Amino acid sequence: MVLVGDNRAIYIPELPRARMGSGRLRGLRLLHTHLSDEALSQEDLMDMVFLRLDSVTSLNVSAGFPQTAQTAHLLPPNPEDKSYEVFEPVPWDRMDLDLGMIVQALEDEFSRRADGRELETDENRALLVSVDVTPRPVQELSLEELAELADTAGLVAAGTLIQRVRKKNPKFIMGKGKLAELEVRALQANASVIIFDQELSPTQIRNLAKVTERKILDRTQLILDIFAQHATSASGKLQVEMAQLKYTLPRLVGKNRAMSRLMGGIGGRGPGETKLEIDRRRANDRLTRLKKELKRVRKRRTQTRERRAKAGLPIVSLVGYTNAGKSTLLNTLTRSEVLAEDKLFATLDPTSRRIRFPREREVVLTDTVGFIRRLPPDLREAFRATLEELESADLLVLVCDASHPEVEEQVEAVRAILAEMDLDAIPSLLALNKWDKLDAEGRENLRNAFPEGIPAVAVDRPSLEPLVEAVLDNLPWEKSVG
């Protein structure tokens, strides 16, 4: 099939769905003329990237006759990190590139590089992107956490892209040059999902999805998805749905073609807009109902806490960064079987266990949802019902992963969230979990950073004795007398 355009534009018809896969090229080769002796322009190369063309060739024409031809095509992952190959111009009648064979080899390579996966299973492959004003090392550490979040959500982190900017682009978050690199990286990584470590505006999500033709997620959406997967109790599900609705509401736009033609401006005041308004009204009505149901949940939990207070049992709450080992600690101390996985946000719903400590003392031990830096505001508000458990605590045990390279930043993040919620006045202990994973130098550094910290290994019951003694020494036992 040959498509012919004029000096202004060329119309490309709808392509077969098989050509829309993230690891496929378009099946289109662009040939156009230059009326002066110039090489392939940056604009030519950008068109090739954004349209995922098999190749782009410029034909230099002088005095009505062809002179030279120059071709470029995209590249699979390579040590030089090149996005495309640009060949030197050659006399037009001596150009002997077998573009059909080159394209076949390229697509085979894109497929082979996808960790041995077949193209049909690429919907779980994600490219992780950070575009921020912070220094590159800070962005790299944040992307490591994003990779853990992606893994928890069931996605495979297939590559990363980092850009430090002075100011974020309101339209695409990044500039057009970096956007072209993003498109090539996504193609090379065979990724059908692109996850941004920053929160994107509704406009940015729409624009990026349109340009890349891939699913665009931001950090907030990813965390919401994880919460949705892990919520098991009725209250947990209510909180997740509420957070998702609050996030989705401003981003509610028509998704199908019929709807998109009716959006905005002249001709935009038709059935499509009415449908959107109905969707918004339904979402708002559901949000109102969820708020009422969550109020009832809070009331029930308040009554439970009051009953505990009457029983005179001190309450110890485990808090900490997600995946620090809180649930494992609860299981070891109480011989329970609360879900404990090496994943972020494995525990969403608060779990309380009555436990008899040495000295014939009884306490209520509570495990809570893990904290994370830059927790989306909607989630923080939605999970206030969960975190209210902490308000009745007599003692907080801040559990940290001592072996984590960012342990100091994580402890600081947890303390900052506790301060935001006015919970920093409650007495607290710091448990340095996973102590066994540190070498002598690591232990020395941590003792200097946290002299008040108590070493512990959550899976080893005898190692928890110093922590249990510290808990007993810091509880207000007089409240249980009388």
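The values are calculated or read from the model by the stated rules, or taken from the named source; none is laboratory data. Treat the numbers as computed from the prediction; the structure is a model and nothing was measured. When we count neighbours, we look across all protein chains shown, and the Cβ atoms used for this are built from the backbone with ideal geometry, even at glycine. For the accessible areas, the whole protein counts, side chains as well, though only heavy atoms, and no ligand, DNA or RNA atoms are used. Shrake-Rupley method; radii C 1.70, N 1.55, O 1.52, S 1.80 Å.
Values as computed for the structure displayed
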| read-out | value |
| --- | --- |
| Rounded percent of accessible protein surface that carbon and sulfur make up, the range 138-225, 1.4 Å probe | 50 percent |
| Ellipsoid equivalent to the range 41-86 - semi-axes via the Cα gyration tensor, in Å | 25, 11, 8 |
| Long pairs among K178/K246; K215/K291; K237/K292; K167/K215, criterion Cα-Cα beyond 21 Å | K178/K246; K215/K291; K167/K215 |
| Cα-based convex hull, the range 132-246, per residue volume (Å³, whole number) | 107 Å³ |
| Where the range 29-188 is the region considered: accessible area per residue in Å², 1.4 Å probe | 53 Å² |
| Size of charge dipole - the range 32-119 - debye, nearest 20, with Cβ of Lys, Arg +1 and Asp, Glu -1, no other charges | 100 debye |
